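We did not get these values from a lab; they are worked out from the coordinates using the rules stated. Quick caveat: nothing in here was measured; it's all calculated off a predicted structure. Heads up, the Cβs are rebuilt from the backbone with ideal geometry, glycines too, and the neighbour counts pull from every protein chain shown.
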Amino acid sequence: KNQVEQSPQSLIILEGKNCTLQCNYTVSPFSNLRWYKQDTGRGPVSLTIMTFSENTKSNGRYTATLDADTKQSSLHITASQLSDSASYICVVSDRGSTLGRLYFGRGTQLTVWP
Amino acid sequence: EADIYQTPRYLVIGTGKKITLECSQTMGHDKMYWYQQDPGMELHLIHYSYGVNSTEKGDLSSESTVSRIRTEHFPLTLESARPSHTSQYLCASSGIEVSRNIQYFGAGTRLSVL
């Protein structure tokens with residue numbers, strides 16, 4: 001069964017600190033993995049997308065890594081800001097259909113305190 | 001910022017009412033999607049469309065229906081709302097880059113059925 005598991009479920013950090021969020025997946029055949037940020041009451045916004053051949057991708061203070069062999073990804077946030085408080089969702093796409101079906105994790109709820 | 005709009009943002013209605021959730025995008029995307037998301041849970045695909053006059057059911061069974069008469073418009077209808085339909089509904093669209101299938105999300109409609 002295609003699944004995406006994220007950890008931790010929730011995380012509280014102080015402003016300015018770094019943190020790392022984890023994602024494990026069993027989706028096959030794998031196409032790409034993306035991280036989305038979802039603010040409370042809003043739709044998800046794409047942060048990074050990585051294909052099989054890419055093992056790291058940065059977007060400002062966000063750096064995502066991908067190990068396609070172990071089927072693991074991480075999202076590292078550097079020098080956190082209050083505006084980083086949100087749910088971070090790991091999404092994996094398969095290439096087994098023309099739709100490019102997406103499989104969503106439940107997200108990690110990040111809270112940044114001043 | 002993605003050009004995809006959902007209305008209303010919030011809706012509280014009584015059981016048995018007919019409702020339509022609106023979704024419009026100005027990006028000319030062929031593919032459009034409806035997801036259902038409960039608090040702290042992953043997004044579940046309930047409907048999708050490859051283009052005009054094309055609609056398909058997603059992974060999660062839903063009593064709602066959709067239509068795609070125009071490229072930019074993908075409304076979702078519930079003929080008789082029930083408390084079990086209380087949830088957040090997210091609309092998304094994606095363009096022709098099938099291998100990446102980057103989906104752009106609207107802000108969502110939070111529906112409460114009393």
| said: For peptide B:31-40, what's the mean number of Cβ atoms from other chains within 10 Å of each residue's Cβ? | reply: 2
| field | Packing rank of A:78-84, A:89-95, where each peptide gets the mean count of other beta carbons within 10 Å, highest leading | value | A:89-95, A:78-84
| query | Looking at the range B:14-89, which GluC sites (Glu not before Pro) are DSSP coil and have at most 14 other C-beta atoms within 10 Å of their C-beta? | reply | B:GLU63, B:GLU79
| task | Using per-residue counts of other Cβ atoms within 10 Å, averaged over each peptide, order A:32-42, A:14-24 from highest down. | result | A:32-42, A:14-24
| Descending principal axes extents, chain B, alpha-carbon based, whole Å | 41, 30, 25
| said: Taking 8 Å as the Cα distance limit and 6 or more residues as the minimum spacing, I'd like the relative contact order of chain B as a percentage. | reply: 36
| query | What's the Cα-based Rg to Rh of the protein assembly as shown, Rh via Kirkwood? | reply | 0.97
| Among B:THR65, B:GLY51, B:MET41, whose Cα lies farthest out toward the positive end of the dipole of the range B:4-102, if unit charges sit on the beta carbon of Lys, Arg (+1) and Asp, Glu (-1)? | B:THR65
| task | Check the cysteines of the protein assembly as shown one by one and keep only those with no other cysteine Cβ under 4.7 Å from their own. | result | A:CYS19
| Net charge dipole size for the range A:52-114 [Lys, Arg +1 and Asp, Glu -1 on Cβ; Debye, nearest 20] | 140
| task | Place +1 on the Cβ of every Lys and Arg and -1 on the Cβ of every Asp and Glu in the range A:25-72, take the dipole about the Cα centre, and give the residue among A:SER53, A:THR40, A:ALA68 whose Cα lies farthest towards its positive end. | result | A:THR40
| query | Averaged over A:30-39, how many beta carbons belonging to a partner chain fall within 10 Å of each residue's beta carbon? | reply | 2
| request: Report, in whole Å, the centroid distance computed from the Cα atoms of the range B:42-114 and the range A:1-56. | output: 22
| remark: In nm², the average projected area of the convex hull spanned by the Cα atoms of the range A:1-69 is 5.8
| field | Size of charge dipole - chain B - debye, nearest 20, with Cβ of Lys, Arg +1 and Asp, Glu -1, no other charges | value | 320
| request: Please average, across the residues of B:41-49, the number of beta carbons from any other chain that are within 10 Å of each residue's own beta carbon, and give a whole number. | output: 4
| message | Pick from A:SER28, A:SER85, A:SER53 the residue whose mean-square fluctuation is largest in a GNM of chain A, springs joining Cα atoms under 10 Å. | response | A:SER53
